[in-house]
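The values are calculated or read from the model by the stated rules, or taken from the named source; none is laboratory data. Please read these numbers as outputs of a predicted model, since none were measured by experiment. Counting neighbours? That spans all protein chains shown, and the Cβs are built from the backbone with ideal geometry, glycine included.
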Amino acid sequence: MNAHDRPLRVALLGCGVVGTEVARRLTRDADELAQRVGAPLELVGIAVRNLDTPRDLDVPAELFTDDAAALVRRGDLDIVVEVVGGIEPAGDLIRAALEHGASVVTANKALLADQGADLFEAADKAQRDLSFEAAIAGAIPIVRPLRESLAGDRIRRVLGIVNGTTNYILDQMTTLGQTFDEALAEAQRLGYAEADPTADVEGHDAAAKAALLAGLAFHTHLTLDDVHCEGITSVTADAVQSAAEMGSVVKLLAICEQIDTPDGPAVGARVHPAMVPLSHPLASVRGAYNAVFVESEAAGELMFYGPGAGGAPTASAVLGDIVSAARNRASDVFGPGETSHADVRLLPIGSAHTQYHLVIEVDDRAGVLAIIAQEFARFGVSIKTLRQEGLGSDARLIIVTHEAEDASLAATVEILRGLEVVRDVSSVMRVEGGS
């Protein structure tokens, strides 16, 4: 038997929705996967928390173990697939797998955003692959395009809808006029949202993915703490209606960009709700789907679109990584790891530039517009459009700015809220993807 005929031994950590689908595909499609890899793939172990849990999976019972630590330290594994999630013990299990000679495939964005530098260093030291296509946008291929296909290009900006739960909620609010609470309840009923949706609706899930996207695009390591994060819990029906009136929709965006500053290039990553013009491709991303929009110097504008979660879509990305890692193991090579050679400084959120949409509740009397405009001018924020709605106690100004610095806009809003003629600044939302 030559090296290419030797079965490549695969162990699976976790057997939930995604893990079950991966195990099913490994066994059901064994012959086809062997043809694609050039060697058979043999599932030799599945680590689970509870051996007594019933599972809809036709594999030998002896493959299951509740000792994940012993499984990854066997020393005869070629690939370990981690789909247990969480920070620990997943981090220690991945490090142990690499140290004992296995390449690793993971879907764990939170772990990579927290410990990515350490894990990639361990993979490089072990000369093994650490692959994570499923960690960012489910079935959508984005890691390999950024890491390999666009390796000769210069990425300027990445905008992503990378959380299906929040996109579904905002889409329901837009198309059906539901409140946030109504849309969230429907998302939970359909299984798009967890019983505790905090990680999704507060933006933490998208922020972890933004850290990974920024690292891939700009070759510098970011952690979750480096990403400015705002969720969608404060998005109101009025804000969604205001977006519609200006030909836009509200989306939760992960935005990664590299900007030239007087002190050299800087990288920023942020997650927040934004109004997106209907003319932008991201505006058409509906329901629980995801999309990543890439702006590059040579290739121009590219969009990657598809299902961002679910057992089968995520398993598709995991299987792709398994095939790639298996090919490398069969050839005794390993692929590209993390590229953090640029080591570019971080751009604070206050230095980011974008447009803004504001709703300002004001007194309905002469001179108010001049007072408001003066404060915008004082902080160098240029007004693009302004209109007044309502009369008397319902009077309000709807303002859209030209592109402005985030810190300048924040300072303007703080002053506005203290003015005698302003009852409230009831909404401030960024506008992205426009001209």
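Residue-by-condition table, conditions (1) surrounded by 18 or more Cβ atoms within 10 Å (Cβ to Cβ); (2) of a type in the set (A, V, I, L, M):
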site	(1), (2)
VAL362	yes, yes
ARG365	no, no
ARG387	no, no
THR412	yes, no
Could you list, in sequence order, all residues of the stretch 1-51 that are among the hydroxyl-bearing types (Ser, Thr, Tyr) and surrounded by 19 or more Cβ atoms within 10 Å (Cβ to Cβ)?
THR20
Test: residue in the stretch 268-290 that is among the aromatic types (Phe, Trp, Tyr), surrounded by 18 or more Cβ atoms within 10 Å (Cβ to Cβ), assigned by TED's automatic domain parsing to the domain that holds LYS209 and in contact with an Asp or Glu (Cβ under 8 Å, 6 or more places away or on another chain):
no
Could you check ALA151 against (1) part of a helix (DSSP H, G or I); (2) out of contact with any helix residue (DSSP H, G or I) (no Cβ under 8 Å at 6 or more places or on another chain); (3) over 30 Å from VAL235 (Cβ atoms) and say which number it fails?
(1)
What's the total number of residues in the stretch 217-252 that are under 14 Å from the mean Cα position of the chain (by Cα), outside any loop (DSSP other than H, G, I, E, B) and surrounded by 23 or more Cβ atoms within 10 Å (Cβ to Cβ)?
3
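Yes/no per residue for (1) over 27 Å from ALA107 (Cα atoms); (2) modelled with pLDDT under 95:
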| residue | (1), (2) |
| --- | --- |
| ARG270 | no, no |
| SER284 | no, no |
| ALA291 | no, no |
| ALA298 | yes, no |
| LEU302 | no, no |
| TYR305 | no, no |
| ALA309 | no, yes |
Being within 17 Å of ALA139 (Cα to Cα) and of a type in the set (Gly, Ala, Ser), is that true of even one residue in the stretch 257-276?
no
From ARG286, ARG387, which residue is basic (Lys, Arg) and within 22 Å of LEU409 (Cβ to Cβ)?
ARG387
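Rundown of residues vs (1) within 27 Å of THR385 (Cα to Cα); (2) β-branched (Val, Ile, Thr); (3) touching a Leu at 6+ places or on another chain (Cβ under 8 Å); (4) touching a residue at least 40 places away in the same chain (Cβ under 8 Å), yes/no style:
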| residue | (1), (2), (3), (4) |
| --- | --- |
| THR166 | no, yes, yes, yes |
| LEU216 | no, no, yes, yes |
| LEU222 | no, no, yes, yes |
| ILE232 | yes, yes, yes, yes |
| VAL240 | yes, yes, yes, yes |
| ALA243 | yes, no, no, yes |
Kindly check whether there is at least one residue in the stretch 36-57 that is out of contact with any strand residue (DSSP E or B) (no Cβ under 8 Å at 6 or more places or on another chain), closer than 15 Å to ALA325 by Cβ and not polar (S, T, N, Q).
yes
Taking the conditions exactly as written (within 30 Å of ILE87 (Cβ to Cβ) and modelled with pLDDT under 95), does THR223 satisfy them or not?
yes
Filter result for ALA352 (modelled with pLDDT of 90 or more and over 23 Å from ASP260 (Cα atoms)):
no
Would you point out the residue of the stretch 385-435, among those that are among the charged types (D, E, K, R) and touching a residue at least 60 places away in the same chain (Cβ under 8 Å), that is farthest from ARG270 (Cα to Cα)?
ARG423
Among the candidates PRO336, PRO313, which residue alone is surrounded by 15 or more Cβ atoms within 10 Å (Cβ to Cβ) and touching a residue at least 12 places away in the same chain (Cβ under 8 Å)?
PRO313
Among what's in the stretch 32-48 and is out of contact with any Ser or Thr (no Cβ under 8 Å at 6 or more places or on another chain) and of a type in the set (A, V, I, L, M), pick the residue that is nearest to LEU319 (Cα to Cα).
LEU33
Selected residue [within 23 Å of the chain's Cα centre (by Cα) and surrounded by fewer than 20 Cβ atoms within 10 Å (Cβ to Cβ)] from ASP124, ASP153, ASP129
ASP153
